[in-house]
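What follows is a short report on a single structure.
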């Protein structure tokens, strides 16, 4: 059938339209590719993209062997992924809607324009503040954030005004007190028990004493009296009925207006409380509240690293009477009091504004007094050891204890992999055992290798010849919990040391520094300090934030002090990583070992929770240091069914971490930094 002229014309137009559309698509594609190339060049010049950090933060990119910068430019920015630890793309777009409206890659915008315009890349980095404090940055050729990441962190420069976020908390607190004061007064009048507080002031600075005295007189709770204190003199014994509770303040310390009310409220809520303590901050220049110390709940192992209670605690007169006359300082008094106490309660409220912050340099006299106090603690608890400052000139301490030398069974599950590490081919299981035997000073060890039956005859024979025990995991489906329990079933040691095969010791005495904590009967599990090969932190304790386990201060420098020495002193945490953890064999078996329903995910945290449920503590030991190649032996994955099991099993323990205040401190990542936007603001 012949086509009409109209039909032919329509066909031609359709063909022309398809051809034009194709040309348009090609043109758009070309512009997109040019834009992506341009963005890549801009980010390369800016030095704002941290490829190593990106691959660690997003292991799926590493597992796919994708170029990290290309992935970020093409996909990552749109997916809300971040290019370095101090650039938050979603936050940047929310803060600057004009950038979002323009559809620009947020990091490219910051690199080209945002820095010059004084925009901030992250709630914890202030561009204007950094440039004002560091005028030399302008001559470096780098923008503010790039300079901080490449040079500023190592030089100890600040990313933002240290009090910028906390000032919001202080403002809100004062507003809340004004609103709640009538209810507080009414509550005090109806309290079933109205304890008396005897406040002792230590020090002879009359001007500073006046400020401390005035703060006691401003208390909204009226049941108090005041006395003087001199730790260097003999004190008359306290009678149990002299006062309900006593408080020892250093001269210049200022009680928050609601401090005694908070203590009285806590005692009414928990009449068995022997000691109640709260949080604190620092009076900068004697006036401005700064550097808050949001403390953990009762942490006996933390107390042996620093006196985190001090002026923020009230002690029942009955307990104080036991410690009072023999104590020769605040630390000594608190150590003795906690030894006699049955119940120690933490109030999550700032109750004291300190003249000297707990992380300030300490005098030689204070160091000497603290060391005497801790040495006395060792003697009273039947331990032999020594005490030295963990950081010279600061009031934080490393307590080294001579422990027994039990047989330690090192249980290593392995897939028998050979991995590439720093350009060299490494047989992981052989390297792990070689490095332990070569580096470690502790020798009473047995190695228990849990393989999959595929190590090969030569490797097995070589390891057996060195005394290694073997047990084979025969199931097809991977289950690290079953592998660890298999290893424990043939272990002869009094102590079990669970260890990944992608690990090398970094300190000769690492095993001794794990063992020494078991001289304390309340300790259930101890974890090590793990470093990446580039000497940044991989593990210094695990918190549960927003219901999920999280490694704290990950990728900070190896010498990071942490939050009030959290990275460099022994401390209690909710959990420690299973990549290197030690437990008593009898305790391991008593709690059922690792939960085999958790084949892949959460099993180490679950084990720590079972330990804590049994009334024991999980301790981080910073002097036990190892290098961890992390997931060289297996790609990290999350099993959703296991996540459901874990959250259902431990819902009662996931609502609030007792050792990390997620209401006031940042989460995801858990950095111990003051939250820039707390939920109650």
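Each value in this text was obtained by applying a stated rule to the coordinates, not by laboratory testing. Fair warning: this is a prediction, and the values are worked out from it, not measured in the lab. Here Cβ is always computed from backbone atoms with ideal geometry, including for glycine, and neighbour counts include all displayed protein chains.
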Two pseudo-spin positions, 7 Å from Cα along C-beta at residue 425 and at residue 328, lie apart in nanometres by 6.4
With Rh as the Kirkwood radius over Cα pairs, region 443-501 has Rg/Rh of 0.95
Note: probe point = Cα of residue 644 + 7 Å toward Cβ; backbone nitrogen < 20 Å; residues of region 580-621 passing the test are 595-603, 606
Using eta = 0.692 mPa s and T = 37 °C, Stokes-Einstein with Kirkwood Rh from Cα pairs puts D for region 25-152, in µm² s⁻¹, at 216
Debye calc, one equal point scatterer per Cα of region 569-614, no solvent, log10 I(q)/I(0) at q = 0.21, 0.23 1/Å comes to -0.71, -0.85
In whole µm²/s, the translational diffusion coefficient that Stokes-Einstein assigns to region 356-452, given a Kirkwood hydrodynamic radius over C-alpha pairs, 37 °C and 0.692 mPa s, equals 189
hull vol. (C-alpha, convex hull) per residue for region 532-681, Å³ -> 128
In terms of the alpha carbon gyration tensor, root eigenvalues a ≥ b ≥ c, rounded if a/c is under 1.5 and otherwise prolate when a/b exceeds b/c or oblate, region 150-222 is oblate
With R₀ set to 56 angstrom, the calculated FRET efficiency between the beta-carbons of residue 204 and residue 441, to the nearest 0.05, is 0.70
The distance between the Cα centres of region 110-139 and region 389-427, in whole Å, is 40
So for R0 = 25 Å, FRET eff. of residue 560-residue 614 from the Cβ-Cβ r, to 0.05, ends up at 0.20
Of 309-320, 218-229, ordering from highest average Cβ density within 10 Å down gives 309-320, 218-229
Bridge orientation stat for the chain from DSSP, antiparallel percent rounded to 5, came to 55
Ordering 444-457, 484-497, 464-477 by per-residue average of other C-beta atoms within 10 angstrom, highest first, gives 484-497, 444-457, 464-477
Helix 603-613: inclination vs the chain longest Cα principal axis, degrees, rounded to 10, gives 20
Contour minus Cα-Cα span, residue 38 to residue 375, at 0.36 nm per residue, comes to 115.0 nm
For the chain, the Cα-Cα pair-distance distribution in 20 Å bins from 0, as whole percents, is 16, 43, 31, 8, 2, 0, 0
Residue separation between residue 590 and residue 136 times 0.36 nm, minus their alpha-carbon distance, gives in nm 157.4 nm
Semi-axes a, b, c in Å (a largest) for region 56-111, each sqrt of 5 times a Cα gyration tensor eigenvalue, come to 22, 11, 8
Length gained, residue 478-residue 183, 0.36 nm per residue minus C-alpha separation, equals 100.4 nm
Relative to the chain, whose Cα atoms define the longest principal axis, helix 480-489 and its Cα axis are tilted in degrees, nearest 10, by 50
The rounded separation in angstrom of the Cα centers of region 244-260 and region 350-367 is 15
In units of 2.2 N^0.38 Å, the Cα radius of gyration of region 166-397 is 0.98
Summing -39500 (n - 2.57) over every DSSP H run of at least 4 residues in the chain and dividing by its residue count gives a helix-only mean residue ellipticity at 222 nm, to the nearest 500 deg cm²/dmol, of -10500 deg cm²/dmol
The orientation-averaged projected area of the Cα convex hull of region 99-142, in nm², is 3.3
In whole angstrom, largest first, the equivalent ellipsoid semi-axes that the Cα gyration tensor gives for region 426-572 are 29, 18, 17
Mean Cβ-within-10 Å packing, highest first, puts peptides 87-99, 375-387 in the order 87-99, 375-387
In degrees, nearest 10, the alpha-carbon axis of helix 640-649 is tilted away from the dominant principal axis of the alpha carbons of the chain by 20
